[in-house]
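Working notes, beginning with the structure itself.
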Amino acid sequence: AVPRTRILATGGASHNKKILQVLSDVFNAPVYTIDTANSACLGSAYRAIHGLVAETNVSLADVVKLAPEPRLAVTPTAGAEEV
């Protein structure tokens, strides 16, 4: 089975529920947000940590487990995929 797609929205627009709803409806996927300042830099920071511990065989997935849990913001509108 193919894992279900989910969207992680960050930055200023992630505070606008109407924009998030459009994303959710267009991609027919739930949209999650993270309450973290400068979240756009978060991915780079986790990659840097992963690079620092690379010789210890720690996977990127294990490093990212330290990340704050994303919150469900919106889900697709019923029937949106048919539009």
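Solvent-accessible surface of the range 5-72, taken per residue with a 1.4 Å probe and all protein chains present: 69 Å². Against the set (1) 3, 11, 19, 22, 20, 13, 7, 3, 1, 1; (2) 3, 14, 19, 18, 16, 13, 8, 5, 2, 1; (3) 3, 14, 28, 26, 18, 9, 2, the structure's computed P(r) over Cα pairs in 5 Å bins from 0, in percent falls on (2). 3J(HN,Hα) along the range 67-83, derived from phi through the Karplus expression 6.51 cos²θ - 1.76 cosθ + 1.60 where θ = phi - 60°, amounts to 5, x, 5, x, 9, 5, 9, 8, 10, x, 5, 4, x, 4, 5, 7, 6 Hz, with x in place of Gly and Pro. Nonpolar atom fraction for the chain, defined as the carbon and sulfur part of the 1.4 Å probe accessible area, stands at 59 percent. Largest GNM mean-square fluctuation across Val58, Val31, Val22, computed for the chain with C-alpha springs under 10 Å, falls on Val58. Relative to the first principal axis of the alpha-carbon coordinates of the chain, what is the inclination of helix 17-27, with its axis defined by its Cα atoms, in degrees from 0 to 90 and to the nearest 10? On a 0 to 90 degree scale, this one is about 90.
The values are calculated or read from the model by the stated rules, or taken from the named source; none is laboratory data. Quantities reported herein were computed from a predicted structural model and do not represent experimental measurements. The protein model used for the area step is the full one, side chains on, heavy atoms only, and it has no ligands, DNA or RNA in it. Shrake-Rupley method; radii C 1.70, N 1.55, O 1.52, S 1.80 Å.
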